[in-house]
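Before any comments, here is the structure.
Since every read-out is calculated from the coordinates, none of them should be taken as a lab result. What you are looking at is a predicted structure, and each value in this text was computed from that prediction instead of being measured. Virtual Cβ from ideal backbone geometry, glycine too; neighbours counted across all protein chains shown.
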Amino acid sequence: MTIRISPSILSADFANLEQELHRIDSADMVHVDVMDNHFVPNLTLGLPVVERLQAVSPIPLDVHLMLTDADRNAPAYAELGVSSVTFHVEAAADPVATAAAIRSNGARAAVAVKPATAIDLVLEHLDAFDMILVMTVEPGFGGQAFMANTMPKLARAREAVRASGLDIWLEVDGGIALDTVETAVTNGADVLVAGSAVFGGDPAERIAGLRSAAQRALDGR
């Protein structure tokens with residue numbers, strides 16, 4: 001199993017996003033949070049900005065849509081050529097069809113669940129998704145504390161993926177730092193989103209530290 005680090009630009013300097021992308025070029029991908037101030041109480045960036053980020057980023061874009069009406073909105077982001085598009089199961093009328101539309105536009109299809117959302121609907125249709133994002137905070141703002149009570153859900157998803165034999169990544173987002181990496185990886189995560197834990201210091205050093213901690217946890221799993 002490969003551990004992937006995906007720094008969240010929600011904690012980056014929005015006035016210098018291209019520079020910030022190059023500061024994290026040792027990461028596996030960059031997590032791009034798109035919020036509409038409706039699905040979550042925050043407003044970040046949209047399609048035109050993601051298009052420009054895609055054009056200048058040295059690493060693949062891992063786009064996380066916190067938008068209403070995911071069925072309509074998600075495919076347009078996949079059309080930009082990004083690596084993966086994540087939509088929330090709570091915002092989709094037909095998650096399977098939305099995932100298929102993302103895939104048809106060349107991106108990996110990922111589905112996210114909020115901390116209070118049951119994961120059953122996702123697990124019933126595993127073959128529709130390339131990645132599952134288990135939110136470890138309430139979506140909307142960076143810098144929140146890691147919610148350990150989401151770990152049983154993550155562990156259940158890992159067991160389902162293992163039993164299926166499918167190549168599905170399990171991502172966690174929220175409160176990921178050196179002191180929570182072991183818990184996340186031990187319970188099945190292989191993609192780690194980190195914001196302030198990366199941009200709060202030297203990004204290259206922070207990424208290396210997270211990767212080492214994750215690998216130690218993986219080796220002991």
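Quick notes on this structure:
- Protection-proxy order for peptides 5-14, 210-219, each taking the mean of Cβ atoms within 10 Å per residue, highest first: 5-14, 210-219
- Across region 29-36, rounded Karplus estimates of 3J(HN,Hα) from the backbone phi angles (6.51 cos²θ - 1.76 cosθ + 1.60, θ = phi - 60°) give 6, 10, 8, 10, 8, 10, 10, 10 Hz, Gly and Pro being marked x.
- Net charge, Pro115 excluded, C-beta distance under 9 Å - Lys, Arg +1, Asp, Glu -1: +1
- FRET efficiency, 1/(1 + (r/R0)^6) with R0 30 Å, evaluated for Ala15 and Asp202 via beta carbons: 0.95
- Label-point separation in nm, Ala155 to Arg52, each point 7 Å along Cα→Cβ: 4.5 nm
- Seen from Gln144, the other residues with C-beta closer than 15 Å to its C-beta sum to a net charge of -3, counting Lys and Arg as +1 and Asp and Glu as -1.
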